Amino acid sequence: MKSCSVSGKEHKMKACITGASSGIGRDMARVLADYGIDLFIVARRSERLKQLQDELSQKVKVTAITLDLADESSCRLLYERLQKEDIDILINNAGFGMAGPFTESDLQRELTMIDTNIKACHILTKLFLRDFVKRDFGYVLNVASAAAFLPGPMMATYYATKAYVRHFTLALRKEMQKRHAHVFVSTLCPGPVHTEFNEIANVKFRVK
């Protein structure tokens, strides 16, 4: 999987992972590095990104990009920066949650969550997917959640954002199938895993 053939030419595979500074995004970067895929890792926390870059640079070329994707202009800037890199894999993993009664939760924090969980995923998917379709090659993985399958009292906004990501992605997958494109769109819906999510969202999920 280190390289692929695009338009009859050998091409070293490259992946862009958002929310790569911790948790699932960080481990995805580690897995892809083991496959020999060059990485563009994106997150807000530059120190965490630098640590991951140092760890994985022994295996592949790693470029760390510090951006807050809750800002629409940052999403567009990321695409513009990577447009000429011929990215093969886009993983939209950036996101966070928060818990509490809807009438009491902070509105601005919720709007930032919507911008991160939905808007950034939507913008980056559209911009990169257009290029993938033109090349007739590429992979998009949008990270949703098991929360995407049901309503979430006390986490109403978070659950709703993940439902958007899931349904959005499934629709795009069907569009790609109808085009018979060599472009693949899928969604990951993990249940509770041990990441920083619980601390940021101020919740505790317990599973056997």
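Report, in degrees rounded to the nearest 10, the 0 to 90 angle that the Cα long axis of helix 72-82 makes with the longest principal axis of the chain. It works out to around 20 degrees. Of the whole protein surface, residue 87 contributes about 10 Å² of accessible area at a 1.4 Å probe radius. Taking the chain as a Gaussian network of alpha-carbon nodes connected by springs under 10 Å, the highest mean-square fluctuation of the residues 15, 29, 99 belongs to 99.
What angle, in degrees between 0 and 90 and rounded to the nearest 10, separates the Cα long axis of helix 23-34 from the longest principal axis of the Cα atoms of the chain? Tilt of helix 23-34: around 20 degrees. Of the solvent-accessible surface of the chain, computed with a 1.4 Å probe and all protein chains present, 53% belongs to carbon and sulfur. In the structure shown, do any of 59/174; 14/119; 12/174; 59/178; 50/134; 50/162 have a Cα-Cα gap over 31 Å, and if so which? Checking Cα-Cα distances, 59/174; 59/178; 50/134 exceed 31 Å.
When the alpha-carbon atoms of the stretch 24-121 are used, the pair Rg, Dmax equals 15.1, 49 angstrom. Per residue, the accessible area of the stretch 123-174 comes to 45 Å², computed with a 1.4 Å probe over protein heavy atoms only. Result for the chain in a Gaussian network model with C-alpha springs under 10 Å: among 38, 131, 106, the largest mean-square fluctuation is at 106.
Once the Cα atoms are used to define both axes, helix 120-135 deviates from the longest principal axis of the chain by about 20 degrees. With kT/(6 pi eta Rh) evaluated at 25 °C and eta = 0.890 mPa s, and Rh the Kirkwood radius from Cα pairs, the stretch 18-57 diffuses with a coefficient of 251 µm²/s according to Stokes-Einstein. Sequence-distant contacts, meaning Cα pairs under 8 Å at least 6 residues apart, place the relative contact order of the stretch 138-196 at 47 percent. For residue 138, nonlocal amide neighbours, meaning residues 5 or more places apart or on other chains whose placed amide H falls under 5 Å from its own, are 184. When only Cα pairs below 8 angstrom with a gap of at least 6 residues are kept, the stretch 1-122 shows a relative contact order of 26 percent. Bridges between two residues of the chain, per DSSP, are antiparallel at a rate of about 15%.
Normalised by the number of residues in the chain, the average gap of Cα pairs under 8 Å and 6 or more apart makes the relative contact order 19 percent. Dividing the Cα radius of gyration of the chain by its Kirkwood radius returns 0.97 for Rg/Rh.
The values are calculated or read from the model by the stated rules, or taken from the named source; none is laboratory data. If you're wondering where the values come from, they're calculated on a predicted model, not measured in any experiment. Note: accessible area is taken over every heavy atom of the protein model, side chains too, but ligands, DNA and RNA are not part of it. Shrake-Rupley method; radii C 1.70, N 1.55, O 1.52, S 1.80 Å.
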